[in-house]
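Got a structure here, written out as structure tokens. Questions coming.
The values are calculated or read from the model by the stated rules, or taken from the named source; none is laboratory data. Here the structure is a predicted model, which is why all the values come from computation and not from measurement. Using ideal geometry, Cβ is built from the backbone for each residue, glycine included, and neighbour counts are taken over all protein chains shown. Just the protein is used for accessible areas: all its heavy atoms, side chains included, with ligands, DNA and RNA removed. Shrake-Rupley method; radii C 1.70, N 1.55, O 1.52, S 1.80 Å.
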Amino acid sequence: MTNFDMSPVEVSQEILDRLKEIPTATVYNALRNFGSLFCVCEGIQNFTPFTPGKERFAARARTLRFMPVRPDIANDKPDGVDSPEYIAMGRCGPGDVLVADIGGRVQDVVAGDVKLLQLAMNNADGVVIDGAIRDLDVLLDEDYALSVYAKARSFHGNPSSLPAEENVQIQCGGALVRPGDVMVGDNDGVLVVPSWMAEKVLEWAIEHEGAENLVKDKIKAENVPPGKYYPPTQETIEEWRRRNSG
């Protein structure tokens with residue numbers, strides 16, 4: 001792996017906005033280039049793909065972990081506004097996303113329209129759930145303006161799990177998510193970008209996306225098979241840099 005200072009950082013809104021311009025496929029290749037191989041949240045899909053402005057997504061992770069129901073865990077969990085899910089959602093504001101680990105159980109949901117109202121009122125960016133989403137139609141009809149990524153839709157509550165911890169490292173679709181990491185998503189899926197890697201990933205992705213667009217322009221202009229220019233070479237990347245310098 002390229003040498004990095006791996007200390008967590010607060011990723012700026014500028015970097016988040018620019019990541020939203022890049023397809024996840026290119027971000028994935030950037031992550032692999034820098035050695036982050038276990039970055040894919042498997043099985044999680046965009047449930048707001050047809051909402052204008054929600055086709056692409058990048059936000060800082062605020063984490064929530066659910067645990068299997070057991071009397072002692074239920075007894076230890078604070079109630080009401082002090083419950084971990086409300087504390088976690090309270091951490092979410094503009095540029096943030098609630099990321100919930102429910103162990104992939106599609107029978108369980110993180111919340112419905114009433115609880116998720118807290119995210120909407122905070123102007124948070126959305127929710128990513130390693131489980132199911134409930135009341136999606138209400139979220140859309142009442143314009144919660146949240147991006148929603150999950151494994152499934154469900155009418156269930158939480159029959160087998162309960163919110164137990166927040167602001168801790170979790171898994172989501174098999175990928176590690178630490179508080180402050182960047183979740184990047186589109187209709188192809190969701191990736192985790194470590195916060196300390198986000199700026200370098202963005203720089204790499206911008207150059208390689210630009211080089212691929214240059215390749216497509218050459219293919220169409222010359223009416224040649226893609227193999228003449230694809231995949232992009234270092235020479236193509238240098239050509240893109242020259243064209244876009246200054």
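What do you reckon, how do M197, M67, M121, M6 stack up by accessible area (1.4 Å probe), largest on top? List each step's numbers first, then the result.
Details: M197 0, M67 60, M121 135, M6 105 Å².
Result of the area sort, largest leading: M121, M6, M67, M197.
Moving on to the next point. For N167 and N244, calculate 0.36 nm times their separation in residues minus their Cα-Cα distance, and state this gained length in nm to one decimal.
Numbers: separation 77, 0.36 × 77 = 27.72 nm, distance 4.06 nm.
Net length gain for the segment: 23.7 nm.
Quick one: helix 198-222 against the long Cα principal axis of the chain, what's the angle to the nearest 10°, folded into 0 to 90?
50 degrees
Give the angle, between 0 and 90 degrees and rounded to the nearest 10, that separates the Cα long axis of helix 234-244 from the longest principal axis of the Cα atoms of the chain.
90 degrees
Using the Cα centre of the chain as the reference point, and only Cβ charges (+1 on K/R, -1 on D/E), how large is the resulting charge dipole? Debye, rounded to the nearest 20.
Charge dipole, the chain, about its Cα centre: 540 debye, nearest 20.
Taking only protein heavy atoms and a 1.4 Å probe, what accessible area per residue, in Å², does the chain have with all protein chains in place? The partial results should precede the final answer.
Working: 12270 Å² over 246 residues.
Spelled out: the 1.4 Å probe surface of the chain, per residue, equals 50 Å².
Classify region 153-199 as rounded, prolate or oblate, taking a ≥ b ≥ c as the square roots of the eigenvalues of its Cα gyration tensor: rounded when a/c is under 1.5, otherwise prolate if a/b is larger than b/c and oblate if not. Mind dumping the intermediate values first?
On the way: a/c = 3.22, a/b = 1.51, b/c = 2.14.
Since a/c reaches 1.5 but b/c is at least a/b, the shape of region 153-199 is classed as oblate.
Follow-up question, since we're still on this one. Near the amide H of R91, under 5 Å away, which other amide H atoms are found, from residues 5 or more places off or on another chain, if H is placed in the peptide plane?
Counting only residues 5 or more places away or on other chains, the set is empty.
Shifting gears a bit: Quick one: how many lysine pairs in the chain have C-alpha atoms under 16 angstrom apart, if they're 8 or more apart or on different chains? It would help to have the intermediate numbers written out before the result.
Details: K20/K54; K20/K200; K216/K228; K218/K228; K220/K228.
The result is 5.
Can you say what percent of the DSSP beta bridges in the chain, counting only those with both residues inside, are antiparallel? Round to 5.
On the way: 20 of 37 bridges.
Of all bridge pairs located within the chain, approximately 55 percent are antiparallel.
If amide H atoms are built 1.01 Å from N in the plane of the peptide, which residues on other chains or at least 5 residues away come under 5 Å of the amide H of A150?
The answer is Q45, F47, I129.
Obtain the nm distance between the two label points defined at M6 and Q45 by a simple spin-label model: each point lies 7 Å from its Cα along the Cα-to-C-beta direction.
Spacing of the two 7 Å Cα→Cβ label points: 3.5 nm.
Tally Lys/Arg at +1 and Asp/Glu at -1 over every other residue whose Cβ is under 10 Å from the Cβ of M89; what's the total? Before the final figure, lay out the partial values.
Numbers: positive: R62, R91, K115; negative: E85, D96, E166.
So the surrounding residues net to 0.
Ok, one more. Roughly what would the spin-label model give for F38 and V138, points 7 Å off Cα along C-beta, in nm?
Here the answer is 3.7 nm between the modelled labels.
So for the chain, what are the equivalent ellipsoid semi-axes in whole Å, largest first, each being the square root of 5 times an eigenvalue of the Cα gyration tensor? Write out the running numbers ahead of the final one.
Details: eigenvalues 270, 69, 48 Å².
Each semi-axis is the square root of five times an eigenvalue, giving 37, 19, 15 Å.
How fast does region 61-119 diffuse by Stokes-Einstein, in µm²/s, taking the Kirkwood radius from C-alpha pairs at 37 °C and 0.692 mPa s? Walk me through the numbers on the way to the answer.
Working: Rh = 12.4 Å.
The Stokes-Einstein estimate is 265 µm²/s.
How about region 90-169: which chymotrypsin sites (Phe, Trp or Tyr not before Pro) there lie in a loop by DSSP and see at most 16 other Cβ atoms within 10 Å? Walk me through the intermediate numbers first.
Working: sites: Y144, Y149, F155; in loops: Y144, F155.
When the chymotrypsin sites (Phe, Trp or Tyr not before Pro) of region 90-169 are filtered for loop state and at most 16 Cβ neighbours within 10 Å, F155 remain.
Label R153 and Q234 with points 7 Å out from Cα along Cα→Cβ: what is the distance between them in nm?
Placing both labels 7 Å along Cα→Cβ, they lie 5.0 nm apart.
To continue, here is another question. Can you pull the percent of region 164-246's accessible area that's carbon plus sulfur, 1.4 Å probe, other chains left in place? Intermediate results must be reported in sequence, preceding the final value.
Working: 2040 of 4390 Å².
Carbon and sulfur: 47 percent of the exposed surface of region 164-246.
Can you send over the carbon and sulfur percentage of the accessible area for region 1-150, probe radius 1.4 Å, protein chains only?
Working: 3660 of 7180 Å².
That fraction is 51 percent.
Find the centroid of the Cα atoms in region 8-66 and in region 187-246, then give the distance between the two in whole Å.
Here the answer is 18 Å between Cα centres.
Looking at the square roots a ≥ b ≥ c of the eigenvalues of the Cα gyration tensor of region 184-246, which shape do they give, rounded for a/c under 1.5, prolate if a/b is larger than b/c, or oblate? Could you put the intermediate results ahead of the total?
Values: a/c = 2.88, a/b = 1.61, b/c = 1.79.
Judged from the Cα gyration tensor, region 184-246 comes out oblate (a/c at least 1.5, b/c at or above a/b).
I've got another one for you. Which ³J(HN,Hα) values in Hz, rounded to whole numbers, follow from the phi angles of region 40-56 under the Karplus curve 6.51 cos²θ - 1.76 cosθ + 1.60, where θ = phi - 60° and Gly and Pro get x?
Karplus-based 3J(HN,Hα) across region 40-56 equals 9, 7, 5, x, 9, 10, 7, 9, 10, x, 9, 8, x, x, 10, 6, 10 Hz.
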